Amino acid sequence: LKKFEAKRGYLIAAFGLHAAVLSSLPLFLMDYENAIALKWMFGIILGFILLFTLGVYTRTYYVIDKTQEQLVIYFIFKVKTLKLTDIKGIEQVGSPLSGAKYALSADNGLIIKEGKYDSFFINPKDKKGFLKALNWKVTVV
């Protein structure tokens with residue numbers, strides 16, 4: 001098993017921080033006694049946003065399993081398994097143009113073509129090591 005971490009961009013962290021700040025504003029603006037339930041509600045929403053943002057950063061990675069001959073993609077709560085023999089092509093692109101996105105950063109990633117029409121975008125930190133582990137030559141687009 002070879003595990004490759006996803007390249008992490010700052011956009012998702014900025015979105016999570018922005019959402020957390022906006023959802024916590026009512027906590028500071030409510031001043032009266034009857035707002036205890038609302039304060040708890042906004043506190044819970046804030047907690048979920050922070051947990052989701054943390055989950056995005058800790059649960060996005062790619063595993064190449066040579067014994068089972070498969071690529072396993074972990075993206076937040078979704079797991080995608082792909083047989084290595086089903087990979088029809090890999091292209092290096094500057095931005096995700098098409099397909100599903102299983103990446104945290106949108107710059108200089110890889111589009112993996114699967115089957116006749118399906119493709120998806122990933123962005124491992126170590127692209128050279130990832131391609132070497134797959135034993136695949138990449139097409140630069």
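Being modelled with pLDDT of 80 or more, open to solvent by less than 50 Å² (accessible area, probe 1.4 Å) and of a type in the set (A, V, I, L, M) is the requirement here; does residue 27 meet it? Working first, answer last.
Values: modelled with pLDDT of 80 or more: no; open to solvent by less than 50 Å² (accessible area, probe 1.4 Å): yes; of a type in the set (A, V, I, L, M): yes.
In short, no.
Give the residue that is modelled with the highest pLDDT, with candidates limited to residues of segment 119-141 that are in a strand (DSSP E or B) and under 15 Å from residue 71 (Cα atoms).
Applying the filter and picking the extreme gives 124.
Which residues, counting only those in segment 49-85, are under 23 Å from residue 13 (Cα atoms), modelled with pLDDT of 85 or more and surrounded by fewer than 16 Cβ atoms within 10 Å (Cβ to Cβ)?
Result: 59, 78, 79.
For segment 86-96, name all the residues that are outside any strand (DSSP E or B) and open to solvent by 50 Å² or more (accessible area, probe 1.4 Å).
If the condition is that a residue be outside any strand (DSSP E or B) and open to solvent by 50 Å² or more (accessible area, probe 1.4 Å), then 86, 95 are the ones that fit.
The values are calculated or read from the model by the stated rules, or taken from the named source; none is laboratory data. All values derive from a computational prediction rather than experimental measurement. Note that each Cβ is placed from the backbone with ideal geometry, even for glycine, and that neighbours are counted across all protein chains shown. Protein only, heavy atoms only, side chains kept; ligands, DNA and RNA dropped before computing areas. Shrake-Rupley method; radii C 1.70, N 1.55, O 1.52, S 1.80 Å.
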